[in-house]
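Reading through the structure tokens given below for one structure.
The values are calculated or read from the model by the stated rules, or taken from the named source; none is laboratory data. Source: prediction; values computed, not measured. Neighbour counts run over all protein chains shown; Cβ positions are idealised from the backbone, glycine included.
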Amino acid sequence: MVLSRLYALGLALLLSMGTAHAAPPPTLSLSNGTEVHLRSYPAQGDTVLLWFACDEGHSIHETRAAQALAEKGIETWLPDMLDAHFLPILPSSLKEIPPAEISEIIGLAIKHTGKKIVLVVGGHGALPILEGAHAWQGQASSATRPSLAGAILFYPDLYSVPPAPGVEAEYHPVVTQIKLPMFIYQGQLSPGRWWLEHLKVALSQGGSQVQSLVLPKVRSHFYVRPDATPDENAMAARLPELMLDALKRIEPNPLEAQP
Amino acid sequence: MKKLLLGLCCLFFLASAQASELKPWKGGATPPLALQDLKGKTHKLEDYRGKVVMVQFWATWCPPCLKEMPAMQRLDQKMAGKPFVILAVNMGETGKDVSDFVNKMKINFNVLMDEEGNGVGAWKVFVAPSTFLVDPQGNIRYTLQGGAEWDEPEYVKVITGLMPAK
């Protein structure tokens, strides 16, 4: 009896050693020498949200969302890219993030956790993050590539140059090149609302399956705005729910899995 | 926190700096515009041939739009009796929201409703506010993205310069 219990205990220990991963590091050391501070909210589930925020941890809503998601088994990593590059804490600073670093961080997150990775970003950050994701896909083996499972984009700005009034806007080439399941949240109170279908058509040219939802009564950057309205604060409090809904939608269809 | 405040200040100044430049139009033909005002009257752009038309796309949720509204009101008053008209196109809000705002701000110029975004699409508007200056022949001559103090002499001079010679 004692021996069988010891055997069971030993087997459980061995199994847990085989599946468990070390706690996420506090800093990601990149090959170019960049040190990226990482806030992480570990969880037992098989998904990591790799969330590129713009506020260096000042946002109550992002932190609360990460904590709430961890309780539901979704792990979140918040790498502080702006601090790593001494960029001002602005949504527009996200466009300065080197895509090569995003690519490397995706690889590190997969290697460290063994879980599937879903990218999360808003506004101007969408472009370097998709460029980084596209670059990572290009160098990943076919066995590893499905580990990058998708992206959740809030009010993405994917123009190659800021669009001028009256002139046809041009998307960055990565928009029509990347193949990645995506879910887009677009604020109703934004001109981007009227261009959402246009963007989805462009993204689908590369084979991406793109779904979207217009969020009522909120502007772009609603969860980081210093002048947020009560409606925007209420929507920001729903971030965990929005993330979970988006994750369900970008789950790969087994009949139509993307390579 | 200091870094955050510095960033927000930079954002404000960048927005202000970008806000003031009229750019000569290098695009194609003027898109059609036919929208109803708050009383249900349809305004077509071609109805205003012979006048300089300021077509501005705005929304009540857009801080720079709200900031420039008083200046537009002053411009409209300054141009009284001259061949000039403002068509301020609201982007997708309800009649009640817009009506409440117009009454609160005591706006007298034409406010048109674009509830389905047809004008936004046809005029290729990506940022609020976006403004087009249309000459008396119906051709777009200048655009401006962002807010502006429209009654400042630099803008008045450009607008007056587009008016037909007496």
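Yes/no matrix, rows are residues, columns are (1) among the aliphatic types (A, V, I, L, M); (2) closer than 29 Å to A:Ser103 by Cα; (3) in contact with a Gly (Cβ under 6 Å, 6 or more places away or on another chain); (4) buried (at least 17 other Cβ atoms within 10 Å of the Cβ):
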| residue | (1), (2), (3), (4) |
| --- | --- |
| A:Gln211 | no, yes, no, no |
| A:Ser220 | no, yes, yes, yes |
| A:Thr229 | no, no, no, no |
| A:Ala236 | yes, yes, no, yes |
| A:Leu239 | yes, yes, no, yes |
| A:Asp245 | no, yes, no, no |
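Could you check the stretch B:45-58 and list, in sequence order, the residues that are surrounded by 23 or more Cβ atoms within 10 Å (Cβ to Cβ) and touching a Ser or Thr at 6+ places or on another chain (Cβ under 9 Å)?
Matches in the stretch B:45-58: B:Val52, B:Met54, B:Val55, B:Gln56, B:Phe57, B:Trp58.
Does A:Gly192 meet the test of being in contact (Cβ under 8 Å) with a residue 24 or more places away in the chain and part of a helix (DSSP H, G or I)? Give the derivation first.
Values: in contact (Cβ under 8 Å) with a residue 24 or more places away in the chain: yes; part of a helix (DSSP H, G or I): yes.
For A:Gly192, the condition - in contact (Cβ under 8 Å) with a residue 24 or more places away in the chain and part of a helix (DSSP H, G or I) - is met.
Could you identify the single residue in A:Ala68, A:Ala100, A:Ala84, A:Ala43 that is of a type in the set (A, V, I, L, M, F, W, C) and within 14 Å of another protein chain (Cβ to nearest Cβ)? Step through it out loud before you land on a result.
On the way: A:Ala68 fails: within 14 Å of another protein chain (Cβ to nearest Cβ); A:Ala100 fails: within 14 Å of another protein chain (Cβ to nearest Cβ); A:Ala43 fails: within 14 Å of another protein chain (Cβ to nearest Cβ).
Among A:Ala68, A:Ala100, A:Ala84, A:Ala43, only A:Ala84 is of a type in the set (A, V, I, L, M, F, W, C) and within 14 Å of another protein chain (Cβ to nearest Cβ).
Listed here are the residues, each with its yes/no results for (1) assigned to a helix (DSSP H, G or I); (2) more than 14 Å from chain B (Cβ to nearest Cβ); (3) out of contact with any Ser or Thr (no Cβ under 6 Å at 6 or more places or on another chain); (4) under 13 Å from A:Pro156 (Cα atoms).
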residue	(1), (2), (3), (4)
A:Thr176	yes, yes, yes, no
A:Leu180	no, yes, no, no
A:Leu213	no, yes, yes, yes
A:Ala236	yes, yes, yes, no
A:Ala246	yes, yes, yes, no
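Determine whether A:Phe183 is out of contact with any helix residue (DSSP H, G or I) (no Cβ under 6 Å at 6 or more places or on another chain), under 28 Å from A:Glu241 (Cα atoms) and touching a residue at least 24 places away in the same chain (Cβ under 8 Å).
No: the conditions fail for A:Phe183.
Could you list, in sequence order, all residues of the stretch A:84-136 that are over 13 Å from the mean Cα position of the chain (by Cα), under 17 Å from A:Leu30 (Cβ atoms), of a type in the set (A, V, I, L, M) and not in a helix (DSSP H, G or I)?
Passing the criteria: A:Leu87, A:Ile97.
Name every residue in the stretch B:64-83 that is surrounded by fewer than 14 Cβ atoms within 10 Å (Cβ to Cβ) and among the polar types (S, T, N, Q), in order of residue number.
Correct list: B:Gln77 only.
Based on what the data block shows, is A:Lys116 of a type in the set (Lys, Arg) and touching a strand residue (DSSP E or B) at 6+ places or on another chain (Cβ under 6 Å)?
Yes, satisfied.
I'm checking my understanding of the structure. Among residues of the stretch B:61-86 that are out of contact with any Phe, Trp or Tyr (no Cβ under 8 Å at 6 or more places or on another chain) and within 24 Å of B:Gly50 (Cα to Cα), which one is farthest from the other protein chains (Cβ to nearest Cβ)?
Filtering the stretch B:61-86 for residues that are out of contact with any Phe, Trp or Tyr (no Cβ under 8 Å at 6 or more places or on another chain) and within 24 Å of B:Gly50 (Cα to Cα), the one farthest from the other protein chains (Cβ to nearest Cβ) comes out as B:Gly81.
For residues in the stretch A:107-150 being under 18 Å from A:Glu251 (Cα atoms), without any contact (Cβ under 8 Å) to a residue 40 or more places away in the chain and hydrophobic (A, V, I, L, M, F, W, C), which is surrounded by the fewest Cβ atoms within 10 Å (Cβ to Cβ)?
A:Ala143
Tell me yes or no: at least one residue of the stretch A:75-82 is β-branched (Val, Ile, Thr), under 27 Å from A:Pro226 (Cβ atoms) and at pLDDT below 95. Break it down stepwise before answering.
At the first step, the residues of the stretch A:75-82 found to be β-branched (Val, Ile, Thr) are A:76.
Imposing the further condition that a residue be under 27 Å from A:Pro226 (Cβ atoms) reduces the set to A:76.
Now restrict to residues that are at pLDDT below 95: none.
For the stretch A:75-82, residues β-branched (Val, Ile, Thr), under 27 Å from A:Pro226 (Cβ atoms) and at pLDDT below 95: absent.
Go through (1) modelled with pLDDT under 95; (2) under 24 Å from A:Ala246 (Cβ atoms); (3) of a type in the set (A, V, I, L, M); (4) in contact with a helix residue (DSSP H, G or I) (Cβ under 8 Å, 6 or more places away or on another chain) one by one and return the number of the condition A:Ile60 breaks.
Going through (1) modelled with pLDDT under 95; (2) under 24 Å from A:Ala246 (Cβ atoms); (3) of a type in the set (A, V, I, L, M); (4) in contact with a helix residue (DSSP H, G or I) (Cβ under 8 Å, 6 or more places away or on another chain) one by one, A:Ile60 breaks only (4).
Answer yes if at least one residue in the stretch B:93-100 is touching a helix residue (DSSP H, G or I) at 6+ places or on another chain (Cβ under 7 Å) and among the aliphatic types (A, V, I, L, M), and no otherwise.
No, the conditions are met nowhere in the stretch B:93-100.
Every residue in the stretch A:137-153 that is closer than 28 Å to A:Leu87 by Cα and under 12 Å from the mean Cα position of the chain (by Cα), please.
Of everything in the stretch A:137-153, those that are closer than 28 Å to A:Leu87 by Cα and under 12 Å from the mean Cα position of the chain (by Cα) turn out to be A:Leu148, A:Gly150, A:Ala151, A:Ile152, A:Leu153.
Taking the conditions exactly as written (in contact (Cβ under 8 Å) with a residue 24 or more places away in the chain and within 18 Å of A:Thr27 (Cα to Cα)), does A:Pro156 satisfy them or not?
no
Tell me, yes or no, whether the stretch A:77-94 has at least one residue that is surrounded by 18 or more Cβ atoms within 10 Å (Cβ to Cβ), farther than 20 Å from A:Tyr185 by Cβ, in contact with a helix residue (DSSP H, G or I) (Cβ under 7 Å, 6 or more places away or on another chain) and of a type in the set (S, T, N, Q).
Checking the stretch A:77-94: at least one residue is surrounded by 18 or more Cβ atoms within 10 Å (Cβ to Cβ), farther than 20 Å from A:Tyr185 by Cβ, in contact with a helix residue (DSSP H, G or I) (Cβ under 7 Å, 6 or more places away or on another chain) and of a type in the set (S, T, N, Q).
Just name the residue that is farthest from the other protein chains (Cβ to nearest Cβ) out of those in the stretch B:114-166 that are of a type in the set (A, V, I, L, M, F, W, C) and closer than 17 Å to A:Trp195 by Cβ.
Going through the qualifying residues, I end up with B:Ala122.
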